[in-house]
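Down below is the structure, laid out as structure tokens.
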Amino acid sequence: MNPLKTQEENETSKIFKKEKSTNVPPLKPSNAFVGASWVALLAGMVSYCIGLFNADMELNEKGYYFTILLFGLFSVISVQKSVRDRQEGLPVTDMYYGISWFTTLASVVLLVVGLWNATLALSEKGFYGMAFTLSLFAAIAVQKNTRDLKHFESTNA
């Protein structure tokens, strides 16, 4: 024990180490939550893409919005993974962690700027914004479920 630490710090340190070392079995996400996450992801992505397909805009503009969707999906998965890795004590560099958050925010800002300047009806702008938000949130949930299921299967094999 370090004599410079107070008694309270030593006890807190022991409790933290004890809590960390307890083996709590990993919980398996319910089939309903896994299914709902996948349905939400597919609903958001498919509706966004159908909206783009039917939109009266130039092909390069459709490509811009489609690229933002893909960029946003990859970014939020990267954020979810790096946040979870850090919580589990796995090494994640500050650079990667920061870039993940930056790209997530950049995808949202790019969509907002694109929709703000688009000559679309307000209802169309809202549709793309909501489908994009649903897709990003669902991608995070799907990534979490995938990781939880893999962890559950590896510990219960």
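The values are calculated or read from the model by the stated rules, or taken from the named source; none is laboratory data. Please read these numbers as outputs of a predicted model, since none were measured by experiment. Neighbour counts are summed over all protein chains in view; Cβ atoms, including those assigned to glycine, are modelled from backbone coordinates with ideal geometry.
Residue check: is A32 exposed (fewer than 15 other Cβ atoms within 10 Å of the Cβ), touching a residue at least 60 places away in the same chain (Cβ under 8 Å) and assigned to a helix (DSSP H, G or I)?
On the way: exposed (fewer than 15 other Cβ atoms within 10 Å of the Cβ): yes; touching a residue at least 60 places away in the same chain (Cβ under 8 Å): no; assigned to a helix (DSSP H, G or I): yes.
In short, no.
Would you pick out the residues in the range 63-105 that are in a loop (DSSP other than H, G, I, E, B) and among the polar types (S, T, N, Q)? Let's see the steps before the verdict.
First pass over the range 63-105, keeping only residues in a loop (DSSP other than H, G, I, E, B): 88-93.
Hit for the range 63-105 is T93, nothing else.
L120 satisfies every condition listed in (1) touching a residue at least 12 places away in the same chain (Cβ under 8 Å); (2) part of a helix (DSSP H, G or I); (3) not aromatic (F, W, Y) except (2).
Against the list (1) in contact with a Gly (Cβ under 9 Å, 6 or more places away or on another chain); (2) among the aliphatic types (A, V, I, L, M); (3) in contact (Cβ under 8 Å) with a residue 24 or more places away in the chain, the condition M130 fails is (3).
Residues that are under 20 Å from the mean Cα position of the chain (by Cα), part of a helix (DSSP H, G or I) and within 15 Å of T133 (Cα to Cα): does the range 51-62 have at least one? For the range 51-62, residues under 20 Å from the mean Cα position of the chain (by Cα), part of a helix (DSSP H, G or I) and within 15 Å of T133 (Cα to Cα): absent.
Residues of the range 35-50 that are farther than 15 Å from F127 by Cα and either part of a loop (DSSP other than H, G, I, E, B) or hydroxyl-bearing (S, T, Y) (or both): S37 alone.
Please specify each residue of the range 76-112 satisfying the condition of being of a type outside the set (V, I, T), in contact (Cβ under 8 Å) with a residue 40 or more places away in the chain and within 20 Å of K144 (Cβ to Cβ).
Taking the range 76-112 first, the residues of a type outside the set (V, I, T) are 78, 80-82, 84-91, 94-98, 100-102, 105-107, 110-111.
Now restrict to residues that are in contact (Cβ under 8 Å) with a residue 40 or more places away in the chain: 80-81, 84, 110-111.
Scanning the range 76-112 gives Q80, K81, R84.
Picking from residues in the range 59-96 that are of a type in the set (V, I, T) and either at pLDDT 95 or above or surrounded by 14 or more Cβ atoms within 10 Å (Cβ to Cβ) (or both), the one that is nearest to G126 (Cα to Cα) is I68.
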